[in-house]
Amino acid sequence: MSNSRFVYVIYIRTTPQKLWEALTTPEFMKQYWFGVTAETDWQPGSPWKLTLPDGRVADTGEILEAEPMKRLVIKWRNEFRPELKAEGYTRCTMEIEQDGDIAKLSIVHEIDVADSKTIEAVSGGWPRILSNLKTLLETGDVLSATKAA
């Protein structure tokens, strides 16, 4: 079976500690993730869930790895689009590296499905979310508080 993969790298003027907090603090996430709320304790083996502002569950999964300020790996499945849910679980790896006075965030989102609709969907979502995150960390404000169609 072929692997579908989306890779995104972004550089943010922040520290690895502040970036980790932004990625794992539900109240902070909600600001740049268009009102979505994360529920987990960020410990390996723990369940993970994203809930949309209207209360629908967007995504579920499990924390596979969590090394604060360095690496987070999530087993991830979309729950509200049947064609994406049918593809099963993806794996999302987030890695943080210090690069001078900036933090490098690398995201690899992948699944063992050729031409995955899920990977096609996240390839549009991640750039919006991460641009919002970068702007929020660097300026204190987001680019957009509402999700684009």
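Hey, among the residues in the range 66-89 that are loosely packed, with under 13 Cβ neighbours inside 10 Å and acidic (Asp, Glu), which one's farthest from residue 23 (Cα to Cα)?
Our first condition is that a residue be loosely packed, with under 13 Cβ neighbours inside 10 Å; within the range 66-89, this holds for 67, 80, 82-83, 86.
From what's left, acidic (Asp, Glu): 67, 83.
Working: 67: 12, 83: 27 Å.
Here the residue is 83.
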Requested in this report: Give the residues of the range 1-18 that are at pLDDT 95 or above and either among the small types (Gly, Ala, Ser) or over 16 Å from residue 127 (Cα atoms) (or both), sorted by residue number.
Outcome: 4, 13, 14, 15, 16, 17, 18
Requested in this report: Given the conditions (1) under 15 Å from the mean Cα position of the chain (by Cα); (2) on the phi > 0 side of the Ramachandran plot, report the number of the one that residue 100 does not fulfil.
Outcome: (1)
Query raised in the report: Are any of the residues in the range 43-50 under 19 Å from residue 67 (Cβ atoms), out of contact with any His (no Cβ under 9 Å at 6 or more places or on another chain), among the aromatic types (Phe, Trp, Tyr) and at pLDDT 95 or above?
Result: yes
Query raised in the report: residue 108: surrounded by 15 or more Cβ atoms within 10 Å (Cβ to Cβ) and part of a loop (DSSP other than H, G, I, E, B), yes or no?
Result: no
Report summary line: Checked 117, 70, 104, 134 against criteria (in contact (Cβ under 8 Å) with a residue 24 or more places away in the chain, among the charged types (D, E, K, R) and over 25 Å from residue 3 (Cβ atoms)); the one match is 134
Report summary line: Out of (1) of a type in the set (S, T, N, Q); (2) at pLDDT 95 or above; (3) within 21 Å of residue 12 (Cβ to Cβ); (4) not in a strand (DSSP E or B), the one residue 118 does not meet is (3)
Requested in this report: Name every residue in the range 20-47 that is assigned to a loop (DSSP other than H, G, I, E, B) and either out of contact with any helix residue (DSSP H, G or I) (no Cβ under 6 Å at 6 or more places or on another chain) or surrounded by 17 or more Cβ atoms within 10 Å (Cβ to Cβ) (or both), in order of residue number.
Outcome: 25, 33, 34, 35, 36, 40, 41, 43, 44, 45, 46
Query raised in the report: Taking the stated definitions as given, is residue 126 assigned to a helix (DSSP H, G or I) and buried (at least 17 other Cβ atoms within 10 Å of the Cβ)?
Result: yes
Report summary line: Of the listed residues (50, 64), the one being over 17 Å from residue 107 (Cα atoms), in a strand (DSSP E or B), without any contact (Cβ under 8 Å) to a residue 40 or more places away in the chain and of a type in the set (A, V, I, L, M) is 50
**Report entry** Number of the condition not met by residue 93 [criteria: (1) assigned to a loop (DSSP other than H, G, I, E, B); (2) without any contact (Cβ under 8 Å) to a residue 40 or more places away in the chain]
**Finding:** (1)
Query raised in the report: Which residue, of 103, 114, is surrounded by fewer than 16 Cβ atoms within 10 Å (Cβ to Cβ) and of a type in the set (A, V, I, L, M, F, W, C)?
Result: 114
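The values are calculated or read from the model by the stated rules, or taken from the named source; none is laboratory data. Computed from a predicted structure; not experimentally measured. With ideal geometry, Cβ positions are generated from the backbone for all residues, glycine too; neighbour counts draw on all protein chains shown.
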